[in-house]
């Protein structure tokens, strides 16, 4: 059973289904509910306040959550003892609590930007007075419903201006801005070992040329199969944590996002998911995705196999009317598909009317994902296919794979 909505849940359920699993989705939010229904049965919170009875009735073998908010749900303690593809307990803190991740890096001598927690605006401005520099502004607790969503300030004055306008309900986490040379690495931790999967890049800014605000979810992404960790991200930022992973019985995915400064990688954050843009690509690359997820959730040793020829994946998001300024709302607009697709297409905030016409229901329409033996092959196919979808006011970034790659490039 997948816990989630939209393209992330749609792709996960469909790929696992195609590899022999019987799938269903518990819809954890009130939007983007149509796409997961294309892969299997879906269950709405309004009709099923808790997924626990469903899990028992269906004899579910594996739970695959799309975000960490399940751990704060009212029904979390009702869940039967079913393997979850996500760390639990102490292991969740590495994503959930930003200052915990900072302290962890300090304890294991992993480079981390200067960072401070402030309870209110007065304390935040005192931090800025003592440490006058640009800070990335984040919520201290990571959640889809956090009062503060990441604000990337590139100057001292940017930071000073924003501190007057944020919601301090949970305080604020100020993390030193280190520049644009960003990259990520995703691995599985299971049986007390770390198994590298891919090095990745997420295109978080709203518009081409890496302009505009940091969007609510990336506008595209790249993954490169990287079991040997050729860029050194896992060696520098994940493997030093192996004693902690073992101590807390961590098993599940781990993603590190980092910035390169003075030829050293510095951790920006850790995530305990395979990623909203990367997840679908990783599952396609794995020759045995059902086995890999189940054994990871069971904390067993892994024997990962990959599909030959799928070396690089490229994901391009088609954004809809008004995105990323989600306060702007348009009508339900028709989505026109011109021709057939020869790569993966995962629908997001769309639905189908009684006449079979696709309509937008929100700001993110679809993710188009293609693969190749090289970046250029994957990129070319992804763009060929995204051009086959049209909706009024929609757009996509044209520079996925042309900037921020290879890792360490600005």
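Rule-based calculations on the coordinates, nothing more; no lab input. Source: prediction; values computed, not measured. For neighbour counting, all protein chains shown are included, and Cβ atoms are generated from backbone atoms with ideal geometry for every residue, glycine included.
Entry for the range 268-400 at q = 0.20, 0.21 Å⁻¹: log10 I(q)/I(0) = -1.15, -1.20, Debye formula applied to identical alpha-carbon scatterers, no solvent contribution. Against the empirical 2.2 N^0.38 Å (N residues), the range 92-238 has a Cα radius of gyration ratio of 1.12.
Residue order for 30, 226, fewest other beta carbons within 10 angstrom first, comes to 30, 226.
Connecting C-alpha atoms closer than 10 Å in a GNM of the chain, tell me which of 172, 326, 350 has the biggest fluctuation. Looking only at 172, 326, 350, the biggest GNM fluctuation is shown by 326.
With a/c under 1.5 counting as rounded, go ahead and sort the range 114-176 into rounded, prolate or oblate using the C-alpha gyration tensor (a ≥ b ≥ c being the square roots of the eigenvalues; past the cut-off, prolate if a/b is larger than b/c, else oblate). Can you show the working numbers first?
Details: a/c = 1.67, a/b = 1.45, b/c = 1.16.
It is prolate, given that a/c is not under 1.5 and a/b is the larger ratio.
Where only DSSP H runs of four or more residues are counted, the chain gives -6000 deg cm²/dmol as its mean residue ellipticity at 222 nm, each run worth -39500 (n - 2.57).
For the range 2-84, what does the relative contact order come out to in percent, with C-alpha contacts under 8 Å and a separation of six or more?
Computed over the range 2-84, the figure is 30 percent.
Take the Cα atoms of the range 63-145, build their convex hull, and give its volume per residue in Å³. List each step's numbers first, then the result.
On the way: hull volume 10.9 nm³, N = 83.
Spelled out: Cα convex hull of the range 63-145, divided by residues, is 131 Å³.
Determine the relative contact order of the chain: mean sequence separation of Cα pairs under 8 Å and six or more apart, normalised by residue count, in whole percent. List each step's numbers first, then the result.
Values: 924 pairs, mean separation 68.8, N = 410.
Here the relative contact order equals 17 percent.
Could you list 211, 285 in order of exposure, starting from the residue whose Cβ has the fewest other Cβ atoms within 10 Å? Could the numbers behind the result be given before it?
Values: 211 9, 285 24.
Least to most surrounded, the residues fall as 211, 285.
Annotation: for a label point projected 7 angstrom from Cα along Cα→Cβ of residue 325, residues of the range 128-149 with backbone N closer than 19 Å are 149. GNM remark for the chain: springs join alpha carbons under 10 Å apart, and the peak mean-square fluctuation among 295, 22, 76 falls on 76. DSSP assigns beta bridges within the range 114-176; of those with both partners inside it, close to 90 percent run antiparallel.
Shape class of the range 2-84 from the alpha-carbon gyration tensor: oblate, with a/c at 1.5 or above and b/c at least as large as a/b.
What is the order of 69, 107, fewest Cβ neighbours within 10 Å to most?
107, 69
Computed from the Cα positions only, the extents of the range 312-390 along the three principal axes stand at 40, 30, 14 Å, in decreasing order.
Report the full-extension gain for the segment residue 99 to residue 409: residue separation times 0.36 nm, less the Cα-Cα distance, to one decimal in nm.
Working: separation 310, 0.36 × 310 = 111.60 nm, distance 2.74 nm.
Residue separation times 0.36 nm, minus the Cα-Cα distance, leaves 108.9 nm.
Using a Gaussian network model of the chain whose springs link C-alpha atoms within less than 10 Å, name the residue from 289, 87, 41 with the highest mean-square fluctuation. Answer for the Gaussian network model of the chain: 41. In terms of its C-alpha gyration tensor, the range 155-313 comes out prolate, because a/c is 1.5 or above and the ratio a/b outweighs b/c.
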